[in-house]
Amino acid sequence: MTLHMKTIAEMADDLAAKRYSAVELTTHFLNRIKQYDQQLNSFITVTEDLAIQAAKQADAARQQGHAHALAGIPIAQKDIFCTKGVKTSCGSLMLDKFIAPYDATLIEKCNAANLVMLGKTNMDEFAMGSSNENSYYGPVKNPWDLSRVPGGSSGGSAAAVAAGLAPAATGTDTGGSIRQPAALTNLTGLKPTYGRVSRFGMIAFASSLDQGGIFTHTAEDAALLLQVIAGFDNKDSTSAEKAVPNYRDSLHQPLSGLRIGIPKEFFSEGLNAEVGATIQTAITQFQKLGATIVDISLPHSQMAIPAYYVIAPAECSSNLSRYDGIRYGHRCEQPKDLEDLYKRSRAEGFGKEVKRRIMIGTYALSAGYYDAYYLKAQKIRQLIRQDFLDAFSKVDIILGPTTPDTAFKLGEKADDPVSMYLSDIYTISVNLAGLPGVSAPAGFVKGLPVGMQLIGNYFAEDKLLNVVHQYQQVTDWHKQSPTAF
Amino acid sequence: MSSITKETVNTIAHLARLGIKESEVAEYVENLSSIFHLVEQMDAADVSTITTMAHPLDMCQRLRTDTITETNQRAQLQKLTPFTEAGLYLVPQVIE
């Protein structure tokens, strides 16, 4: 049965033509999860009964002739989105017993389109990590090589889609947590512009950087799903009051006349030579499609990592102060006094990396250091944004590698946080500026996927998906699947 | 920028209300030191004339009309912890 090898666009056509039902489609994926997920550990919670119920509702809606075009399409949800009545753990012991009392706006929108939630996917705890080795529920394995990481923090979502356990999954991206796992697992991973997708009900890590997005195999599928989740939300004060275009309509625009900027800083030391060569091949492909290549510079790129590792921890230390063991979340046994309750609940509930980042953030915001660290980083952020705005006055899209190397081995960087942080070198500046970015399959090095990253101007998701779609019409990297699954 | 010491770690842990064991302090000193060494790369940038950027979008806080839109969900929300009584959250004694 190769149902899972179809795209969402194909499945939607099949469901409309009644070639099979939503219940049959959902059952297919639930069976694949049962068969394969023990090897991957990509799901924290599989919502089998709810999925079948939702699939029946989708079939009924189609029967009555008023269904959304994607009614009945299964989707996996990153366990960072609050799902009413369903465990929402954020990959942490702190929320191991937390049953969300409401749905995130993104979840509401998926439900309104009658998408079928298969379950909640594994992730680095509180979205902090680049390997999915920081989860309370154990690491996720890369379906392309089970001894390697799938990337993080949305590693569970990436692994599930890459192994054909779900045709799509949601993720969140604060420093690269959709784009980097997409690159390591041969997927199309989209981080929209900051403010494009509502953050209401999306457990906060760094509020000025977090953005929800999706994993699919193709740009067309990403366009279909972005259409569902994008849009203004009154309940999110950072939600952009900007109309949502029809993303599918712009997919077919030819690329002649497109100006693609190649930043020299993304092709310097630290980049694996074979990964670089793979991206150069992709650049040549874009030239054949009619694009013009322009050399550009993003001079403050080197500052992105130090600035990010002040800003993100600072915001996280503030956001995670709500986990105090009082109203929800883990509480320690027999607290002596209130201070003991706070300190032990938080020490027990949070893993190592989360505690490390809370400590960094608290220090950076503390009296005497706020100006030197946090304010300075916010000024560097302005410089990084300006670099991009200058570049976009000369080019339409920026292209480079998503990651400096292919998937690393489990445990390889676990003891060296700085080495782990450096793997986000190409993705982080995009979050600091709030721009949209997508990673798409561009080839393989020694059997491991390589992703290319395209960065667009604010709210240019339509252009990004158009460019990737055109590339995917003349290449077939995105159609490859790991043989073991 | 100053270096991270054991005292720094203990002070920060207290501010963050994180209970750190004595045996863990050395590792925090090492990790935080190497991370702040990375962060010191920011010193190379001249930001004397640059404004801060707290937020990617050019927007200010939206206002809304002063009408009630939320209902009281205390009973439902207090199901999230067993430590409640008469609509209040139970904590260790704070005031002597």
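Read the figures in this text as sums done on the coordinates, not as results from a lab. Keep in mind it's a predicted model, so treat the numbers as computed, not measured. A quick note on method: Cβ atoms are made from the backbone with ideal geometry, for glycine too, and the neighbour counts reach across all protein chains shown.
A few remarks follow.
- Selection from A:GLN480, A:ASN431, A:ASN457 lying farthest towards where the dipole of the range A:342-485 points positive, charges on Cβ: A:ASN431
- Peptide A:334-346 has a mean of 4 when you count, residue by residue, the C-beta atoms of other protein chains within 10 Å of its C-beta.
- Sorting A:127-135, B:75-83 by their mean Cβ neighbour count within 10 Å, with the most densely packed peptide first, gives A:127-135, B:75-83.
- Dipole-positive endmost among A:ALA312, A:ALA230, A:THR216 within chain A (Cβ charges, Cα centre): A:ALA230
- A crude spin-label estimate for the pair A:ILE52 and B:GLU27, with each label 7 Å from Cα along the Cβ direction, gives 4.4 nm.
- For A:GLY443, distant residues with modelled amide H under 5 Å away: A:VAL450
- Rounded to the nearest 20, the Cβ-based charge dipole of chain B about its Cα centre (Lys and Arg +1, Asp and Glu -1) stands at 540 debye.
- When the helices of chain A are scored as -39500 (n - 2.57) per DSSP H run of n ≥ 4 and the total is divided over every residue, the value at 222 nm lands at -11500 deg cm²/dmol.
- Under-5 Å amide H pairs with A:ALA169, H placed in peptide plane, nonlocal only: A:ALA76, A:PHE215
- Tensor-based shape of the range A:338-485 (alpha-carbon gyration tensor, a/c under 1.5 rounded, otherwise prolate or oblate): oblate
- Shape analysis of chain A based on the Cα gyration tensor places the equivalent ellipsoid semi-axes at 31, 29, 21 Å, largest first.
- Compared with the direct C-alpha span, the chain from A:PHE444 to A:ASP14 gains 151.7 nm at full extension, assuming 0.36 nm per residue.
- 3J(HN,Hα) couplings calculated from phi for the range A:221-231 with the Karplus curve 6.51 cos²θ - 1.76 cosθ + 1.60 (θ = phi - 60°) are, in sequence order, 4, 4, 4, 5, 7, 4, 4, 6, 8, 7, x Hz; Gly and Pro show x.
- Shown for the range A:25-123 is the translational diffusion coefficient from the Stokes-Einstein equation, using the Kirkwood radius over Cα pairs, a temperature of 20 °C and a viscosity of 1.002 mPa s: 155 µm²/s.
- Spatially, the range A:225-289 and the range A:152-177 are offset by 18 Å when compared through their Cα centroids.
- Cβ charges +1 (Lys, Arg) and -1 (Asp, Glu), total dipole of the protein assembly as shown, debye: 960
- Distance between the pseudo-spin-label points of B:GLU40 and A:LYS34 (7 Å out from Cα toward the beta carbon): 5.8 nm.
- Under 13 Å from the Cα of A:LYS84 - aspartates and glutamates, other chains or at least 8 residues apart: A:ASP103, A:GLU108
- Restraint check, A:LYS343/A:LYS376; A:LYS264/A:LYS376; A:LYS120/A:LYS191; A:LYS242/A:LYS394, Cα-Cα greater than 22 Å: A:LYS343/A:LYS376; A:LYS264/A:LYS376; A:LYS242/A:LYS394
- Pairwise label distance in nanometres, A:MET5 with B:ILE50, each label 7 Å out on the Cα-Cβ vector: 5.0
- The per residue volume of the convex hull around the alpha-carbon atoms of the range B:5-92 is 239 Å³.
- Cα point-scatterer Debye curve for the range A:102-205, base-10 log of I(q)/I(0) at q = 0.11, 0.14, 0.23 Å⁻¹: -0.31, -0.50, -1.29
- Computed from the Cβ-Cβ distance with R0 of 30 Å, the FRET efficiency linking A:LYS84 to A:LYS352 stands at 0.45.
- Prolate/oblate/rounded call for the range A:21-64, Cα gyration tensor, a/c under 1.5 rounded: prolate
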